[in-house]
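A quick write-up on the structure given underneath.
The values are calculated or read from the model by the stated rules, or taken from the named source; none is laboratory data. Note that this is a predicted model, so its numbers are computed, not measured. Cβ: placed from backbone, ideal geometry, glycine included. Neighbour counts: every protein chain shown.
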Amino acid sequence: MNQAVIQLMVSGALMGLVYALVAYGFQLTYATSKSINFGQGELVMLSAFFSLTLTNLGLPYYLMIPGGLLFGVVAGLFVERAGVRLALEQKSEGWILMTIILGLFGVSAAENIWGRDDRPFPTPIPTEPMQFFDISITPLEISVAIGVVMIMVIIELFKRKTLLGKAFEAVSADRDAAELMGISATRTIMLSYGLSGLVAALAGILVSPITTVGPTMASALVLKAFSVAVVAGLESGFGVVIVGLFLGSLESLTSFYVGSGWREAPGLVLLILALAVRPTGIFGKAVIRKV
Amino acid sequence: MRRAILTTLLAGLFATQAYAADSIKIAITGPFSGGSAPMGSSMRDGAKIAIAEINAAGGIKVGAKMLKFEVLERDDEAKNERGALIAQELASMNDLSGVIGTVNTGVCLAGDKHLQEKGITKIITPAAGSASMTQWSKAKVKDLSIFRLAAHDGIQAAMVVSEAINRKYTKVAMLYDSTNYGVSGRDDMAEQIKKQGNILQVVTTDKFNIGDKDMTAQLLRAKNGGAQAVLIWGIGPELAAVANGMAKIGLKVPLIGGWTLSMSNFIDNSAKNGNGTLMPQTFIEEPITPKAKNFISAYHKAYNVKRIPSPVSAAQGYDAVFIFAAAVKQAQSIDTKKIKLALEDLKEPVQGVITTWKKPFSTWDPANEESHEAFRRDQVVMGMVQDGHVVFGNDADRKRLISNATSVKGKK
């Protein structure tokens, strides 16, 4: 029985890492602009479809990945330019509706271009399960874990070690002060949306071989990711990983012990608890308001 | 001047009437997009091959005229509300001879009442959920214009359970999706397990939702319970997630379930993990008879595919058109009510691709839905997934079908 628990936690945790990656995309843009792309899930889906097209055109896996990621970056920049920039300039909350609308537009576009069917996503990574202490894990799942952790480490290092990254941090800390120091906030926000698109594309490429690709593939994913981002707090990259792993395992365990119909419950309960008890998130910093 | 207008109007009136009487207008409805599309579009395409064959031969002789089929297509997107709207539209047409189609049981429940009210003849295919016919027997309808050409879930559940018993299994897990179709499939299976002597012990009964990808929890319960087979009722994408999940946790037992396990989106998305999966089929894409060979190659050629997305749907769509055409010929009319009467008492056997249909329907009896159900147990076979194709699961079935076909020929 104990072994079943571990198996469930491992399988759930791996899905949880994907939630974390999508949640990380929310954080990146929130840090610089206090705005979120509510169409993040659709970016995941569009990038997955685009990568699938590249694969079908005969591109090998290692060339398809940069192509898919590049598409993600361009799509992220497009969202920023079309949906977010004007709203931010006018200090309005219009970006909420705009990003949702862009997302819906993305779904319609995908339905028209690629059709509404779920499709398999070919991958060279083997899907035969391997046994570790009687726990089955597929190399594909391990690749998801490695991919998620790697991209987050790279981006975090970029933010901390490079000049451009420091600008990023500066804008998130205090936009006005950063502008006075000669850092272009607009450019930094563009950068954050580009990175957020990159993260979405990677999530799409990693998760598609497991979940298949379809216009609605990300709708469930993005809700979970949102819970993860809010529960962890919108500031902590490390936090989303922890909360993602936790929520993923919890969902698996709930659907085993309580019933498969209750699978979605823990995410929602956590979300409500977090909002009621600690609105800034477990790993978030308390906001100090100067009067 | 006024007379001139009147004559033109009259002429126009006659012209449209003459046009209407020159063709047999039927509607084909079903989901041509979305998760159920492999079934809907195969059914439509199979039906259109039959129509093309009939029209190419000049049509059907009604009175002194040769009438050709004219087809209306309607995509219900597998949505109940779309289905209801389409049924209302069709029910309002005065010159419609009949309707063929519908894949989703929920769509039948939402729409068919409008057709029944107007007495428009419909052959349901391939929707298999029991409720689409039992709704009429429960309501004790006296006269019914709805027929079905599909192996209904009652037959299928019986086959699924007896397959597990024949394979000497004693412990099974039962999984189903949370839609109308899945839940009624679960009930049918549970009832059959009881009926067939409670030989099978159900170690777990579990559901999943449309769109679920991770089935680890449900499958671990099955594995821990020592299930020797997973009996399942759902549709393509989620079935594939179950097959993939089973491979992952090393649950190496067969998946046995409703005919939806032959959908292309199950077969493609589960790839080699789907091998060995068993499901009832009314048609296997194997050219075992000359009629089947012609049909399969006609389909491949017409739609430029190497595999029919849902062979069962395509074959049923094809046969439904020929049965309908036979009724038109017997009724000597394009009036939908007369066609209905003819369907209930078809004198001539109809050569279909599935079988030779002898009196597929009889006069509606509210106490027995089978009066409007064409399929019986022995027209259905067990199919098995094998490297991307559905083949015969039991060789005895193949031999039976071949000998049936040759014996019919012998009689001729």
### Task
Check off (1) buried (at least 24 other Cβ atoms within 10 Å of the Cβ); (2) among the aromatic types (Phe, Trp, Tyr); (3) over 30 Å from B:LYS25 (Cβ atoms) for B:PHE147 and give me the number that stays unchecked.
(3)
### Message
For the structure I just gave you, tell me whether A:ILE113 is at pLDDT 85 or above and either out of contact with any helix residue (DSSP H, G or I) (no Cβ under 8 Å at 6 or more places or on another chain) or more than 22 Å from A:LEU202 (Cα to Cα) (or both).
### Response
no
### Task
Collect the residues in segment B:188-210 that are outside any loop (DSSP other than H, G, I, E, B) and surrounded by 15 or more Cβ atoms within 10 Å (Cβ to Cβ), keeping them in residue-number order.
B:ASP188, B:MET189, B:ALA190, B:GLN192, B:ILE193, B:VAL202, B:VAL203, B:THR204, B:THR205, B:ASP206, B:LYS207, B:PHE208
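Test B:ALA227 against the criterion of being more than 25 Å from the chain's Cα centre (by Cα), more than 7 Å from chain A (Cβ to nearest Cβ) and either surrounded by fewer than 24 Cβ atoms within 10 Å (Cβ to Cβ) or of a type in the set (A, V, I, L, M) (or both), and give yes or no.
On the way: more than 25 Å from the chain's Cα centre (by Cα): yes; more than 7 Å from chain A (Cβ to nearest Cβ): yes; either surrounded by fewer than 24 Cβ atoms within 10 Å (Cβ to Cβ) or of a type in the set (A, V, I, L, M) (or both): yes.
For B:ALA227, the condition - more than 25 Å from the chain's Cα centre (by Cα), more than 7 Å from chain A (Cβ to nearest Cβ) and either surrounded by fewer than 24 Cβ atoms within 10 Å (Cβ to Cβ) or of a type in the set (A, V, I, L, M) (or both) - is met.
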### Summary
Within segment B:356-385, residues being part of a helix (DSSP H, G or I) and not acidic (Asp, Glu) number 4
### Task
Have a look at A:ALA220, A:ALA203, A:ALA225 and point out the one that is modelled with pLDDT under 85, part of a helix (DSSP H, G or I) and within 20 Å of B:ASP214 (Cβ to Cβ).
A:ALA220
### Query
Is it the case that some residue within segment A:115-135 is closer than 20 Å to A:ALA48 by Cβ, part of a helix (DSSP H, G or I) and in contact (Cβ under 8 Å) with a residue 12 or more places away in the chain?
no
### Message
Checking A:ILE142 against (1) assigned to a helix (DSSP H, G or I); (2) closer than 17 Å to A:GLY204 by Cβ; (3) within 13 Å of chain B (Cβ to nearest Cβ): exactly one of these is not met. Which one?
### Response
(2)
#### Entry: So A:VAL258, is it more than 15 Å from A:VAL22 (Cβ to Cβ), at pLDDT below 90 and within 13 Å of another protein chain (Cβ to nearest Cβ)
yes
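If a residue has to be assigned to a strand (DSSP E or B) and either crowded, with 18+ Cβ neighbours inside 10 Å or touching a strand residue (DSSP E or B) at 6+ places or on another chain (Cβ under 7 Å) (or both) to count, how many in segment B:386-407 make the cut? Please lay out each step first, then the result.
From segment B:386-407, those assigned to a strand (DSSP E or B) are B:386, B:389-392; that's our starting set.
Those left that are additionally either crowded, with 18+ Cβ neighbours inside 10 Å or touching a strand residue (DSSP E or B) at 6+ places or on another chain (Cβ under 7 Å) (or both): B:390-392.
Selection size over segment B:386-407: 3.
A quick yes/no check of all residues on (1) more than 14 Å from chain A (Cβ to nearest Cβ); (2) under 21 Å from B:LEU401 (Cα atoms):
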| position | (1), (2) |
| --- | --- |
| B:GLY250 | no, no |
| B:LEU261 | yes, no |
| B:MET279 | yes, yes |
| B:ALA302 | yes, no |
### Task
Return yes or no: is B:GLU89 within 18 Å of B:GLY30 (Cβ to Cβ), in the same structural domain as B:ILE354 (by TED's automatic domain parsing) and either among the charged types (D, E, K, R) or out of contact with any helix residue (DSSP H, G or I) (no Cβ under 9 Å at 6 or more places or on another chain) (or both)?
yes
#### Entry: In segment B:284-308, the residues that are touching an Asp or Glu at 6+ places or on another chain (Cβ under 9 Å) and within 27 Å of B:ILE24 (Cβ to Cβ)
B:ALA292, B:ILE296, B:ALA298, B:TYR299, B:ALA302, B:TYR303, B:ILE308
### Query
Of the residues B:VAL312, B:VAL328, B:VAL242, which single one is within 14 Å of chain A (Cβ to nearest Cβ) and of a type in the set (Val, Ile, Thr)?
B:VAL242
### Message
Of the conditions (1) within 14 Å of another protein chain (Cβ to nearest Cβ); (2) of a type outside the set (Lys, Arg); (3) outside any loop (DSSP other than H, G, I, E, B), A:ALA274 satisfies every one except a single condition; which number is it?
### Response
(1)
### Query
Can you tell me which residues in segment A:231-267 are outside any loop (DSSP other than H, G, I, E, B) and of a type in the set (Asp, Glu)?
A:GLU251
### Message
Going residue by residue through segment A:82-92, is there one that turns out to be touching a residue at least 24 places away in the same chain (Cβ under 8 Å), buried (at least 17 other Cβ atoms within 10 Å of the Cβ) and within 14 Å of chain B (Cβ to nearest Cβ)?
### Response
no
### Message
With the requirement that a residue be assigned to a helix (DSSP H, G or I) and among the basic types (Lys, Arg), what does segment A:41-95 give you?
### Response
A:ARG81, A:ARG85
### Task
Being in contact with a Leu (Cβ under 6 Å, 6 or more places away or on another chain) and more than 14 Å from chain A (Cβ to nearest Cβ) is the filter here, so list the residues in segment B:165-209 that pass it.
B:VAL172, B:MET189, B:ILE193
### Task
Could you give me the residue pairs with C-beta distances under 6 Å whose first residue belongs to segment A:30-48 and is in contact (Cβ under 8 Å) with a residue 60 or more places away in the chain and surrounded by fewer than 24 Cβ atoms within 10 Å (Cβ to Cβ), whose second residue is of a type in the set (Val, Ile, Thr) and not in a helix (DSSP H, G or I) wherever it lies, and which are 6+ apart or on separate chains?
A:TYR30/A:ILE36
### Query
Consider B:THR134 against the criteria (1) at pLDDT 90 or above; (2) closer than 28 Å to B:LYS337 by Cα: it satisfies all of them except one. Which criterion is unmet?
(1)
### Task
Please find, within segment A:145-170, the residue that is surrounded by the most Cβ atoms within 10 Å (Cβ to Cβ) out of those that are among the β-branched types (Val, Ile, Thr) and assigned to a helix (DSSP H, G or I).
A:VAL148
#### Entry: Among (1) within 14 Å of another protein chain (Cβ to nearest Cβ); (2) buried (at least 24 other Cβ atoms within 10 Å of the Cβ); (3) over 18 Å from A:PRO266 (Cα atoms) - the single one A:LYS224 does not satisfy
(3)
### Query
Which of the residues belonging to segment B:259-307 are touching a His at 6+ places or on another chain (Cβ under 8 Å), in contact (Cβ under 8 Å) with a residue 24 or more places away in the chain and surrounded by fewer than 24 Cβ atoms within 10 Å (Cβ to Cβ)?
B:GLU285, B:ARG307
